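Colleague: Dumping the structure here so I can ask a few things about it.
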Number of protein chains: 2
Amino acid sequence: MIDLELPAGDERIADRIARRLQGQILAGEIVPGEKLPSQRKLAGSLGVSREAVREAVVVLQNHGLIETYHGGGSFCKNLFDGFFELPMRDQDQNSHNLQCQVMEMREVLEGEAAYFAALRATDNQRQRLTAEYQRMLERGSGETTLKKAKADLTFHMLIAESSHHFIVMSISQVLYNKYFNAMYGVLSKALKKSGNYPPKIGVQHDQIYQAIMDQDAGEARKVAQQHIRYTRDQMLD
Amino acid sequence: MIDLELPAGDERIADRIARRLQGQILAGEIVPGEKLPSQRKLAGSLGVSREAVREAVVVLQNHGLIETYHGGGSFCKNLFDGFFELPMRDQDQNSHNLQCQVMEMREVLEGEAAYFAALRATDNQRQRLTAEYQRMLERGSGETTLKKAKADLTFHMLIAESSHHFIVMSISQVLYNKYFNAMYGVLSKALKKSGNYPPKIGVQHDQIYQAIMDQDAGEARKVAQQHIRYTRDQMLD
DNA sequence: CAAGCAAAGTGGTCTGACCGAAAGTGTGGG
DNA sequence: CCCACACTTTCGGTCAGACCACTTTGCTTG
């Protein structure tokens, strides 16, 4: 029986197993495509119950490290397989719902961020905003959706920082960090609908940029909200 | 026994349960911080084994939606917890700057909360809102400022819950829990200026209440924002 | 009213079992 | 010799019941 008592004893056994297997995968002891030992064998060799192993398997599934087939076994996943199909997975009602909620929050949040950024952005932040905006213009097309999404995120995050508003910034960070996938999904949907990056989005980015530069806070809020609302509408059927 | 056969039958039961619970969380049926039914009760009410429920719980844990404690139960997690951590002493809560920012955030946040509450509040929530509103009316004066602040908080939190908007609810909770002192400070200042509880606040509460009851979402947002803006103005010198 | 203790509630783990799907095995006929 | 078919084994999915450890609750007692 293999010992896995190394970590603190107050950790769930399933998590210890999951960590152990994940370590083996990352260390290359288990190669992508390779079949894992059956749950019963793992349970036996580790000296734990099968349920503990099963919960560990669920953890690794959710981490995207393994795939299991009823009657077939569990297999180490190639992390690059399906890497480019990420946006369309999770097309269930829940993720659609979450995407809606994120965009609804962004509408007011980025409105405020733009408002305060117009009022309080420092010269340095104005320069960085200009630089980032130029980069977005130059690259324009010919980029992957993912890169566009990241550029979009950087632009909006810069605005949030420029707002000098602790709470707006904090919420923006959480939203961007935790729900990037949801936002990315929105962008993908919008892209698939209109064929390519809607030119209107470029115009809206320009309006936001100009309003902030002109220190026209009210206008900045208005166009920022319009921008998010437009993106959200693109997503809806 | 509750039916969860809706999705394709080839999906694991645990995933169906996880999706169901996630839906309830996003829809605001389970509020951040709220305790979930015990695994045994869930298993019983859904007509499945406890192991299936346990695996669903593991899924939601990995999604960061719930937290479970040995012997304590599982709780819906507030995803925004811990992100507003900033070295902040208690007296900082009285800083003019922070109070301003809290009220600025509240203005948009409670606007949205009222908007969605008008659209989606359940009958039960309408009743509770009515009851709470009645209590505020009856007690009117003769209370300490602290109690008024708490009643105010309860009223607004009830609206946030009625929004059935996971993100709006989460942010409201964090704001109310973390910055209650700051909000209390605002109210104190307003009180000291005008001598007593401004009657206009009562009128505004009534407007918000009525708009939600009338399911007039746009009006609800407008008057809620006016209410916060008015309170904030009272605070300013 | 407070402190301490017993009971109930709850998650964590184990055992054993059955089902259906997939994979492996052997046998028969071409 | 190879292929097709049926049988057996293996495997994951689900269920039932049990026991342990920890937390919460509530009641008793000082």
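The values are calculated or read from the model by the stated rules, or taken from the named source; none is laboratory data. None of the values given here were measured: they were computed from a predicted structure. With ideal geometry, Cβ positions are generated from the backbone for all residues, glycine too; neighbour counts draw on all protein chains shown. SASA here: full protein model, heavy atoms, side chains in, ligands and nucleic acids out. Shrake-Rupley method; radii C 1.70, N 1.55, O 1.52, S 1.80 Å.
Colleague: Tally up the residues in the stretch B:44-76 that are within 28 Å of the chain's Cα centre (by Cα) and surrounded by fewer than 19 Cβ atoms within 10 Å (Cβ to Cβ), please. Working first, answer last.
Modeller: To start, the set of residues in the stretch B:44-76 that are within 28 Å of the chain's Cα centre (by Cα) comprises B:45-46, B:53-54, B:56-76.
Right, trim to surrounded by fewer than 19 Cβ atoms within 10 Å (Cβ to Cβ) and you get B:45, B:62-64, B:67-73, B:75.
Going through the stretch B:44-76 one residue at a time, the tally reaches 12.
Colleague: Taking the stretch A:121-151 only, how many residues are open to solvent by less than 20 Å² (accessible area, probe 1.4 Å) and in a helix (DSSP H, G or I)? Steps first, please.
Modeller: Going residue by residue through the stretch A:121-151, those that are open to solvent by less than 20 Å² (accessible area, probe 1.4 Å) are A:121, A:129, A:132-133, A:149, A:151.
Restricting the remaining residues to those that are in a helix (DSSP H, G or I) gives A:129, A:132-133, A:149, A:151.
Number satisfying all stated conditions: 5.
Colleague: Counting just the residues of the stretch A:11-61 that are within 22 Å of B:Ala18 (Cβ to Cβ) and of a type in the set (S, T, N, Q), which one comes out nearest to DNA strand C (Cβ to nearest atom)?
Modeller: Out of the qualifying residues, it is A:Ser49.
Colleague: Here is a further query. Which residue, of B:Phe166, B:Phe180, is assigned by TED's automatic domain parsing to the domain that holds B:Gly111 and crowded, with 23+ Cβ neighbours inside 10 Å?
Modeller: B:Phe166
Colleague: Take the stretch A:15-61 and flag every residue that is away from DNA strand D (no atom under 13 Å from the Cβ) and within 16 Å of B:Ala14 (Cβ to Cβ).
Modeller: A:Ala18, the sole residue that qualifies.
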